[in-house]
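Have a look at the structure below before the remarks.
The values are calculated or read from the model by the stated rules, or taken from the named source; none is laboratory data. Since this is a predicted model, take the numbers as computed values, not measurements. Note that each Cβ is placed from the backbone with ideal geometry, even for glycine, and that neighbours are counted across all protein chains shown.
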Amino acid sequence: MAHLLDDDPRIIEFDVRTDEMLVNMGPQHPSTHGVLRLVLRTDGEVVSEVEPHIGYLHRCAEKIGENITHRQFIPYTDRMDYLAAMNMNLGWALAVEKLMKYQVSERARHLRVLIAELNRIASHLVGMGAYGLDLGTFSPFLYAFREREKILDLFEEACGARLTYSYITVGGLTADLPTGWLQRCESFLEQFEPIIQEYHALLTTNAIFVKRTANIGVMSRELAIDYGCSGPVLRGSGVDQDMRRDGEAIYTAMYEGYAFEVAVMKDGHYPRDHDYPAVPADAVLGDCWHRFFVRMLEVVQSMDLVRQAIDRYSACKGPLGDPVKLTEKMPAGDAYLETECPKGQMGFYIVSDGSAIPWRARARSSSFSNLAVTHELCRGCLIADVPAIVGSLDVVMGEIDR
Amino acid sequence: MMPYVATIAAALFAAPLPLAFINWHSFFFFLFAAVACGFAVAVVAADSVVRMAFYLVLSLGATAGLFFLAGAEFVGAMQLMIYVGGTLVLLVFGVMLTAQAPFVSIKGSGRDSVVAGVVGVVLLAVLLQAALSVASWRQPAAGIVAEPAATPIGMALVGVRVDEPGVGAPARNVRPGYVLPFEIVSIHLLVVLVGAAYLARAKRRKTPRAIEVAASVEPPASVAEHAAIGRDRSRGASVLSGGR
Amino acid sequence: MADFLITTLELPAWLAWSITAMVAAVLILNVIAGGALVFIWAERKIAGRIQDRLGPTRTGGKFGWLQSLADGIKLLAKEDLMPDGADGMLFRIAPYVSFCASFCAFIAFPFAFDFIGQRLNVGVFFVIAVLGLEVFGVILAGYASASKWSLFGAMREAAQVVSYEVPLGMCVVVPVMLAGSMDLVTIAEKQGGWFTSWFLFHDPFTFVVFWIYVTCAIASVNRAPFDLAEAESELVAGFHTEYSGLRWSYFFMAEYGSMFLVSALAAILFMGGWNGPVPVASILGLSEGTSDTANYFVRLLGMINLLGKATLGVLAMMWIRWTLPRLRIDQVMATCLKYCTPLAAAMFLGAMLWQIALPGGLVPGLRRPAAEIREGWLPGPGGAARSVGEDAGTVVKVGA
Amino acid sequence: MRGPGFLEQLEAAVPGAVVGKNLEALDPWIEVAPERIADVCAWLARSSPVRFDSLQCVTAVDWCEPDPKKAAKVAWQPHTEMVYHLWSTPARASLVVKAKLPRWQADVPGQPPEIPTVCGVWRGANWHEREVYDLSGVWFTGHPDLRRILCPEDWEGFPLRKDYEMPLDYHGIRGR
């Protein structure tokens, strides 16, 4: 197939033309992540054009945001990226605190880092499991969910919910951690460490997995930046950008004193790559394999952050401090803040006219921009590659359609 | 119902062949013959192309049954593998690819069927006459070779005829095996394959449509020109944004 | 059995023969049906164990024995719907074609020395030929369901199975060459005694051919990682998207039937059929021909042995299915054309050269003297070639 | 704010485009004349010393008070405000560009206001602008494929506008 696309990958024209078929993949297709419809123009097995159709899960949360107060909007942010609801709450809370110039207590800050990173691990586990499902292997999905259940149990003890928590809110958190929670969290981390090698053996170094993902859906740096992609999708193309380090002052202040390296390939190798499987020979920077590998590295990175957060959280003795009043007035003006969510940079833009109800609540979704690249990546690939590429982008429809 | 019929048919023939039992054997002979001819007629009569192909599969399958019945297991298996398993799979494959709307049902006009009928009858008459004229076929079935073996055929293919011992030393048979015809046929098939591959190769060249589609995605140089394109675009574009 | 009916019950001969045939057919049908039932349950249990969960535990007792029954009832109860655009006749007949093809192969299949439907001299060739017919059911199903996705599935399946028959045929030729005959019973008999006499360990080339055979068998039976036809992540469910209820179960049965067939074939061709790793029968002193019951008992032992190996093969296929992801269609084709076929050809050449150099095989000691020629195909002093295969062991000395 | 002479260089490169700025706000922003937005963005993305190579978010804020009582007390005139959030990957800096648009084109209700598209500058803007058109009703001239992205293709009205009335039914489904 390669010789056909040698000079210009964009032009795919066979003289022997079976008729071009317009094929629908989704919205009820088992492989896509939720209700996403891809209209493929295929010529035999080769896909010449992909057009994603979204909007099936559109609830217009932004319109609702203009009729309720800032703290009442928190449950709506849970339902945007329902796999990483804590990070969504954190993003909205920080945006409102930036507008109010509100400073949370030291204890709340460390607890927020602890919970957000734990939720990142859970989200990446789902991403990894679902990606295995897209490529046809069922078992990793169950291994991933077995570990994620343990994290959800921890969250359930902390805030009572397993998926849509509304735990982190404007001005701090709704409640402090129960006693013994930290020990249970540490024991989870201990037994989770060796299991990561299991995932690598199951997927990352699996010859068939490498054959299905290496050098497929290659996205160059410029394309990723031009489309506004972010998170593991951007870092998979070698762009060294992580909002926890390069973001706004109020967000990076949260990660003050935490030592972590951004999981991106710098001049040929990943940070601390001695104890991870080597990059396979035919994997090109920016392909599906690298995006997947960056997520696996971020799981380990988040585990270190959680350990550091546990130590700092138990060290500081101050009160947790309770969140702002429900009808606390927001100063007039606008504020935009992007936080590093597992899927990418999730931005919240609030315009306030001085009352407790925002005049305009805008949510910029990372998966929205990540998905926009699909038609560039899927041009000229095979039908079996489309779920592989869309799976590697790890999109969540709740966040895209809002 | 169908699987039970097939299993009984297959198993009945599977029971060891008693020599003495003529009418049981001929019962099966008539069954297979009827299936073969019946579906052959069905191939001609069917209108949907894919059904034609399927009836062909059944009729050739029945012919394979006839070979097994006659004790020629090797040829029967060969028929199953080459004809039914190979040629007809490609035939159905080809039919499936082209069986889009225009070709699905091919109905000849009245005149064609008349001509075809005449030619068919003439051919049938010639065949019958030739078959009946062969002396050794006329007496009733003398009996089936008790232990049909594939090995003589195999050895013959390699060039050593073991079934008819020639004159001269036992170790050297004078009757030539089938090596030469076998090689000729394989070379012939090779040439046919290469030809087919050459014809079906994908000739790749740039056509205007592809270039125009690619160009319009490039950001246009000046903003003004860009504005002109957008202004007159119709509001409701087609499902797949091909309306560029 | 037929003679028993004729002599004791004085039934007319043709009735006796048809009853015998009926019994044979029902026996073979039940082997597949029984096998499918066991494998459905085994697949769920193994998948469970591999995925760190229990698998069915409630239906019928602690180990979920009746899970297959529950599935069967569910399938029977499901409504047999047919898409309106579908081609009625073909849609209905496709599952039966697929099932008959995978079932017919069991006619020529020996479960023990004499437990065989019809002893064909071209046993292996017949089985390979019939295995190729199963693809018809799938193609017709794909076409008749009148949906783009099943058409894709059918085309992929046809391309894959037809192209994998080539290396499969080549791998099967090597044991046939070692045994000198295509008759499955002879092939199995040649591997009597300890496991060292298995063709698997006959020479290094055959060992490699065994693994190529396993790959091609998995591909030609459409099990993961080659299960392109029903790749649920891309093609929803491939060719049997539109099927439900009993029709769907026929496809399911056909798949398990051919899976069992292919692994049983591997057992016979490479792993000595009913001659176990340890020659239990001869150890217990029950050699052939001493008495009827001894004969029967030896063959029963042999059958259990063969069924055990075949089940091991099927379990291995299930194990592979639940661990490996799926290959893409062009990678599947590439493995077939670029790797399996040339490798199989090279190993075939190697095995043949080995055969000439060391006819006794890797462990010469345990086998009969090397100088004999198998089968009396070169005419001995007394006229035409003697019958082949009946008395498996007879051998004609060269120039005797 | 973004290096010493940044604003001066911008005004020199695109004369008359910048009509307002507020560098002391939480997110310092500059206001640009709507018809020059594409030129400003092209300069910012391609030839500015701090290269804003990534468009993070495009938003349309509908400044309009539907009920008359409050409308009287409000300080601003009804208008639609376009807000572009840019991000510079090399300099890791952000910038906000705003533009004021009339609520309706030539004040004819139902005719969405027009602003040149920035798809030529960043291809990522394609979907963002489609969403703003779909929800807030702003027509981006020169957009290669301006269709609704979140709402169904034949949906009437622009949901995020303050004076938007939810339709009573849509293809037989009761709206309210």
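Quick notes on this structure:
- The single residue among C:Ala141, C:Ala158 that is part of a helix (DSSP H, G or I), facing chain B (nearest Cβ under 9 Å) and touching a Phe, Trp or Tyr at 6+ places or on another chain (Cβ under 7 Å) turns out to be C:Ala158.
- Any hit, the range C:288-299, residues being within 14 Å of another protein chain (Cβ to nearest Cβ), in contact with an Asp or Glu (Cβ under 9 Å, 6 or more places away or on another chain), in a helix (DSSP H, G or I) and of a type in the set (A, V, I, L, M): no
- Residues located in the range D:68-90, provided they are surrounded by fewer than 16 Cβ atoms within 10 Å (Cβ to Cβ) and among the hydrophobic types (A, V, I, L, M, F, W, C): D:Ala71, D:Ala72, D:Val74, D:Ala75, D:Trp76
- For the range A:347-370, a residue qualifies if it is at the interface with another protein chain (Cβ under 8 Å from one of its Cβ atoms) and touching a helix residue (DSSP H, G or I) at 6+ places or on another chain (Cβ under 7 Å), and the qualifying residues are A:Arg362, A:Phe368.
- Taking helices (runs of 4 or more DSSP H) as the structural unit, those lying wholly within the range C:2-104 and holding at least 1 residues that are among the basic types (Lys, Arg) and more than 27 Å from the chain's Cα centre (by Cα) correspond to C:67-77.
- Residue match in the range A:259-266 (condition: over 29 Å from A:Arg379 (Cα atoms), of a type outside the set (S, T, N, Q), exposed (fewer than 14 other Cβ atoms within 10 Å of the Cβ) and in contact (Cβ under 8 Å) with a residue 12 or more places away in the chain): yes
- Condition met for C:Ser197 (more than 14 Å from chain A (Cβ to nearest Cβ), under 30 Å from C:Asp114 (Cβ atoms) and out of contact with any strand residue (DSSP E or B) (no Cβ under 7 Å at 6 or more places or on another chain)): yes
- Among (1) assigned to a loop (DSSP other than H, G, I, E, B); (2) away from chain D (no Cβ under 14 Å); (3) among the polar types (S, T, N, Q), the one test that A:Ser302 misses: (1)
- Scanning the range A:62-78 for residues that are buried (at least 18 other Cβ atoms within 10 Å of the Cβ) and either of a type in the set (S, T, N, Q) or under 30 Å from A:Gly217 (Cβ atoms) (or both) gives A:Thr69, A:Thr77.
- Helices (runs of 4 or more DSSP H) fully within the range A:192-295 counting 2 or more residues that are among the small types (Gly, Ala, Ser): A:249-254
- Positions within the range C:169-194 being within 14 Å of another protein chain (Cβ to nearest Cβ) and assigned to a loop (DSSP other than H, G, I, E, B), in sequence order: C:Gly180, C:Ser181, C:Met182, C:Asp183
- Positions within the range A:223-258 being of a type in the set (A, V, I, L, M, F, W, C), in contact with a strand residue (DSSP E or B) (Cβ under 6 Å, 6 or more places away or on another chain) and touching a residue at least 60 places away in the same chain (Cβ under 8 Å), in sequence order: A:Met243
- Qualifying residues in the range C:237-271 (those that are assigned to a loop (DSSP other than H, G, I, E, B) and out of contact with any helix residue (DSSP H, G or I) (no Cβ under 7 Å at 6 or more places or on another chain)) - the one modelled with the lowest pLDDT: C:Ala237
- Considering the range C:95-122, and only residues there that are more than 9 Å from chain B (Cβ to nearest Cβ) and of a type in the set (Gly, Ala, Ser), the residue that is farthest from C:Arg156 (Cα to Cα) turns out to be C:Ala112.
- Check on C:Ser163, more than 8 Å from chain B (Cβ to nearest Cβ), small (Gly, Ala, Ser), touching a Leu at 6+ places or on another chain (Cβ under 8 Å) and touching a residue at least 60 places away in the same chain (Cβ under 8 Å): yes
- Set D:Ala38, D:Ala45, D:Ala17: member being within 14 Å of chain B (Cβ to nearest Cβ), surrounded by 18 or more Cβ atoms within 10 Å (Cβ to Cβ), in contact with a Phe, Trp or Tyr (Cβ under 7 Å, 6 or more places away or on another chain) and touching a residue at least 12 places away in the same chain (Cβ under 8 Å): D:Ala45
- Test result for B:Leu90, closer than 21 Å to C:Ala141 by Cα, within 11 Å of another protein chain (Cβ to nearest Cβ), at pLDDT below 85 and not in a loop (DSSP other than H, G, I, E, B): yes
- In the range C:308-328, the qualifying residues are those that are part of a helix (DSSP H, G or I) and within 14 Å of chain A (Cβ to nearest Cβ), and the one that is farthest from C:Pro277 (Cα to Cα) is C:Arg321.
- Unmet requirement for C:Ala334, which otherwise passes all of (1) touching a residue at least 40 places away in the same chain (Cβ under 8 Å); (2) within 30 Å of A:Tyr131 (Cα to Cα): (1)
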